[in-house]
Amino acid sequence: MTNSIAEKRRQQEDEDDEEDGDLEGWGERNYTDERSWEALQEDESGLLRPIDNKAMYHAQYRRRLRSLSAASNSHRIQKGLIRFLYIVLDLSRAASVMDFRPSRMAVVAKNAEAFIREFFDQNPLSQIALVTIKDGVAHSLTELGGSPESHIKALMAKLECSGDSSLQNALDHVHEYLDQIPSYGHREVLILYSALTSCDPGDIMETIQKCKKSKIRCSVIGLSAEMFICKHLCQETGGLYSVALDESHFKDLILEHAPPPPAIAEFAIANLIKMGFPQRAAEGSISICSCHKESKVGEGYICPRCKARVCELPTECCICGLTLVSSPHLARSYHHLFPIAPFDEVKPSCHNEPHLKSQKTCFGCQQSLVNPGNKPSLHVACPNCKQYFCLDCDIYIHESLHNCPGSQILGSTDKAVEQSLDHTNRANLHALKKDVQKEFKDHMHHMDCNFCNDMYFHYGCTPNL
Amino acid sequence: MTSVPSKRYSDDVSLVVVLLDTNPFFWTASSSLSFSQFLSHVLAFVNSILLLNQLNQVVVIATGYNTCDYIYDSSMDASQSSEKGRMPSVYSNLLQKLEEFMIKDEKLGKEQSQRAIASSLLSGSLSMALCYIQRVFRSGPLHPQPRILCLQGSSDGPEQYVAVMNAIFSAQRSMVPIDSCYVGANNSAFLQQASYITGGVYVKPQHLDGLFQYLTTVFATDLHSRSFIRLPRPAGVDFRASCFCHKTTIDMGYICSVCLSIFCKHHKKCSTCGSVFGQAQSDTSSASDHKRKAPET
């Protein structure tokens, strides 16, 4: 599950918004709250208490983190960062079943939307296309593209279900498109399958072999029950097969597909891709953009190869086909390559280490790590910098920030700069530091006066304030 | 924050996390503005933010060259009155902590004597500020509107690039604008990008004597009021990349498909991740791409 605190916050704000506006459509949320008895447990003395969700949530998160880091340690960290993903939505009769509220289809659409946003956030250089299965036939809803809004708009406009679903037709359809993708791209299919049957025109095993040959990684998330053919498909092509238990589980499962999968050398051939880094068009210049064929003022980027103008990045130049990105798009993917180590849990008894005895607050957010009863609460320590962090910061640091605030401070010694610093420079440094210290003392002194000449200090200096 | 649950937060209440650059190598070298002058501008500014709204909150984090630390949190010492009736506690607490911090910073610098020194640890203090802001978000639906203000003088440390970018994207995701006021000689590419991506304001004051005026006119306005004000516009943020092999800024380049390293010309092997590349198929592939795309457009 990659939904971060930021996402939670977004939801929270959504809820806030909803309070003033329409309350319809939020029915699903209410159902989850109806099972309030499940959030209670009995304590030693037989009293009912709410379950300590925080500790449980954190334990869950740590398990996930450990499994992730174990997977990435086993081989060299190489991630498939340039992905071409087809999302196949099953809109057959089975999608109207109401075991998910209000229906499977609505739940799939809602979570697909969240997934698409999360996907582009994590994989800015990748592309998505949407395919639907309806009446036994697969249709392209959108072509491969990098704009989340256009996909979501198309998805929400076409939500109706009928007929049977056909796994083979969907795979054939997707294969036709994915086969043309350049070899450096990772070809993936994510099938959100509601039905328990597949109505196929031919031998599906042949299609599966065809996908395997084209190195298309197929993953399936089922909404009803496990099916042999889906499992077989995922096993053969190296994908993930999972079946959702309920809506929140489905959300976890679909968001698991957002971070880039480990790159397997045979799946995509490493290659150098030519890309352009366009500059912003001059402010106030008027020109016709090549993507919408409209004249626009200001804002826009100019392709460095053919000088055509495009409206947004990342994209492919419509004229010369050059991939256009900006450096932040590349930087957004770097954290996948330099993951931070999971933090170690600190047992309350380990507080005897002398150098850490004094640290009573979380290094990140300054929250007290001591409970009201002067009992130290559960916290974690970074293996790198040995600083203590509270559980919330732990999750935030690993899921959204991808930086350890403490390790920034102690680590990152740049050898090159180190060596470039010769002895004279080092001597200078000490002299400089002395000066600053002195200046400090002067300043303190200066602040002590009752009425200094500095105009900004009148407020501070007047005795009656 | 927890002490005032009954207070009602409206959209004009701000939490300003000020990142104060204390890099001694910059401040002793800067001729136009001494550190004490700088501090006096900043302290007055901190005070004026606290005066604008009684619920406003200011946190100051010192960015040293070896470490970063919280040196002031207005939510902590709101109850304390001024010592000796002379100086408000804002000043005395902050200055005392700042001095302790400088001594600690120097000590750490001696311990690991040969560190990259030219730059401050912007990535560390940004990460800390974001952790603090997340805590404010967690405190409940009623919280002040947070923003980060970087008061930076020293130049960018290239080794912090990935970390700073991570912090910027995290701020963007939680919709926290990063404002920056750069008092150094050249423009700071990190801060320009940070402000541009997160929707903050980047200012490089022309006259450092009037720093206080720059700070109050540009950075004192809360996020809600900003929509009514004409703030300095970002001028020419350069989003071009520089190649890993020669560090030159390029318009067009080659990207390793595995690790996204940037090179200015075709290599046989990626120097970052070690992948061996096939032939330069970039041009042919983009041409075929184009053919594939052509019918749709």
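The values are calculated or read from the model by the stated rules, or taken from the named source; none is laboratory data. Quantities reported herein were computed from a predicted structural model and do not represent experimental measurements. Neighbour counts run over all protein chains shown; Cβ positions are idealised from the backbone, glycine included. The area values use the complete protein model at the heavy-atom level, side chains included, leaving out ligands, DNA and RNA. Shrake-Rupley method; radii C 1.70, N 1.55, O 1.52, S 1.80 Å.
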- Failed condition for B:ASN187, given (1) closer than 18 Å to B:PRO232 by Cβ; (2) more than 9 Å from chain A (Cβ to nearest Cβ); (3) under 12 Å from the mean Cα position of the chain (by Cα): (3)
- Item | Search result, residues across segment A:148-182 that are surrounded by fewer than 19 Cβ atoms within 10 Å (Cβ to Cβ) and of a type in the set (A, V, I, L, M) | A:ILE152, A:ALA154, A:MET156, A:ALA157, A:LEU159
- Query: Restricting to helices (runs of 4 or more DSSP H) lying wholly in segment B:128-235: which have 2 or more residues that are assigned by TED's automatic domain parsing to the domain that holds B:THR22 and open to solvent by less than 10 Å² (accessible area, probe 1.4 Å)?
  - Reply: B:161-173, B:189-198
- Item | Wholly within segment A:230-304, strands (runs of 3 or more DSSP E) carrying at least 3 residues that are touching a residue at least 12 places away in the same chain (Cβ under 8 Å) and aliphatic (A, V, I, L, M) | none
- Answer from B:THR63, B:THR2 - the residue that is touching a Ser or Thr at 6+ places or on another chain (Cβ under 9 Å) and modelled with pLDDT of 70 or more: B:THR63
- Condition test on B:SER75, is it at pLDDT below 90 and over 23 Å from A:ILE397 (Cβ atoms)? no
- Task: Determine which single condition A:ARG305 fails, assuming it passes every other condition in (1) under 27 Å from A:GLN122 (Cβ atoms); (2) open to solvent by 10 Å² or more (accessible area, probe 1.4 Å); (3) modelled with pLDDT of 85 or more.
- Result: (1)
- Message: Please return the ranges of helices (runs of 4 or more DSSP H) entirely within segment A:110-220 where 1 or more residues are under 30 Å from B:PHE277 (Cβ atoms).
- Response: A:167-178, A:204-213
- Query: What residue, among those in segment A:401-420 that are open to solvent by 10 Å² or more (accessible area, probe 1.4 Å) and closer than 18 Å to B:GLY124 by Cα, is modelled with the highest pLDDT?
  - Reply: A:HIS402
- Query: Is segment B:244-251 home to any residue that is at pLDDT 80 or above and open to solvent by 60 Å² or more (accessible area, probe 1.4 Å)?
  - Reply: yes
- Item | Residue within segment A:260-276 that is more than 9 Å from every other protein chain (Cβ to nearest Cβ), open to solvent by less than 10 Å² (accessible area, probe 1.4 Å), out of contact with any Asp or Glu (no Cβ under 9 Å at 6 or more places or on another chain) and not basic (Lys, Arg) present | yes
- Quick one: is A:ARG280 modelled with pLDDT of 85 or more, facing chain B (nearest Cβ under 9 Å) and open to solvent by 70 Å² or more (accessible area, probe 1.4 Å)? no
- Query: Looking at this structure, is B:VAL237 touching a strand residue (DSSP E or B) at 6+ places or on another chain (Cβ under 9 Å), away from chain A (no Cβ under 14 Å), aliphatic (A, V, I, L, M) and within 30 Å of A:GLY284 (Cα to Cα)?
  - Reply: no
- Item | Search result, residues across segment A:147-204 that are among the β-branched types (Val, Ile, Thr) and either closer than 26 Å to A:GLU226 by Cβ or within 14 Å of another protein chain (Cβ to nearest Cβ) (or both) | A:VAL174, A:ILE181, A:VAL189, A:ILE191, A:THR197, A:ILE204
- Matching residues in segment A:107-127 (closer than 12 Å to A:SER150 by Cβ and in contact with a helix residue (DSSP H, G or I) (Cβ under 6 Å, 6 or more places away or on another chain)) number 2
